[in-house]
Amino acid sequence: MSNRSVTHAREAVFSALSDPTRRAVLDLLRAQGAQPVSHIAASFPVSRPAISRHLRLLRQARLVRETRQGRHRVYELTPEPLKAVDSWLEWYRVFWTGRLDQLKAFAEGRKT
């Protein structure tokens, strides 16, 4: 996969995660496992079409997978795209941990 497509995929994930309702849908699927769209929609104070739009964006970002079981569409969490975001964020974790360690050393040095 080219760097451009990796960047595009990561952008889709960030875009999907930018909305609190979509994050709540992911939390629901993480906690309760695969759910039919009707159960997902019943958990939120927004219309079913609005939840369907959220699910479409999550599906496009590959954060959820849709399967059909009879007449029902069932969604389940697919956390793999989050691993790519987590590895991208790791550099920033290391950077800020180092900066906080430096700040701590500076503050402790001032006290003595």
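The values are calculated or read from the model by the stated rules, or taken from the named source; none is laboratory data. Nothing here was measured: the structure is a model prediction, and the numbers come from that model. In this analysis, Cβ positions are derived from the backbone assuming ideal geometry, glycine residues included, and neighbour counts consider all displayed protein chains.
Yes or no: Arg10 on the phi > 0 side of the Ramachandran plot, touching a residue at least 12 places away in the same chain (Cβ under 8 Å) and not aliphatic (A, V, I, L, M)? Against the criterion (on the phi > 0 side of the Ramachandran plot, touching a residue at least 12 places away in the same chain (Cβ under 8 Å) and not aliphatic (A, V, I, L, M)), Arg10 does not qualify.
Confirm whether Leu82 is touching a Phe, Trp or Tyr at 6+ places or on another chain (Cβ under 8 Å) and either in contact (Cβ under 8 Å) with a residue 60 or more places away in the chain or under 15 Å from Ala24 (Cβ atoms) (or both). For Leu82, the condition - touching a Phe, Trp or Tyr at 6+ places or on another chain (Cβ under 8 Å) and either in contact (Cβ under 8 Å) with a residue 60 or more places away in the chain or under 15 Å from Ala24 (Cβ atoms) (or both) - is not met.
Is it true that some residue in region 79-97 is surrounded by 10 or more Cβ atoms within 10 Å (Cβ to Cβ) and at pLDDT 95 or above? No, there is no match, as no residue in region 79-97 is surrounded by 10 or more Cβ atoms within 10 Å (Cβ to Cβ) and at pLDDT 95 or above.
For region 18-83, give me every one of the helices (runs of 4 or more DSSP H) that falls completely inside it and has 3 or more residues that are under 18 Å from the mean Cα position of the chain (by Cα). Please lay out each step first, then the result.
On the way: elements: 20-32, 37-42, 48-60.
Hits in region 18-83: 20-32, 48-60.
Residues in region 57-71 that are without any contact (Cβ under 8 Å) to a residue 40 or more places away in the chain and surrounded by 13 or more Cβ atoms within 10 Å (Cβ to Cβ) were compared, and the one that is nearest to Ala9 (Cα to Cα) is Arg59.
Taking residues in region 29-44 that are more than 16 Å from Thr78 (Cα to Cα) and in contact (Cβ under 8 Å) with a residue 12 or more places away in the chain, and partners anywhere that are among the aliphatic types (A, V, I, L, M) and surrounded by fewer than 16 Cβ atoms within 10 Å (Cβ to Cβ), the pairs with Cβ atoms closer than 9 Å and at least 6 places apart or on different chains are Ser43/Ala24; Phe44/Ala24; Phe44/Ala50.
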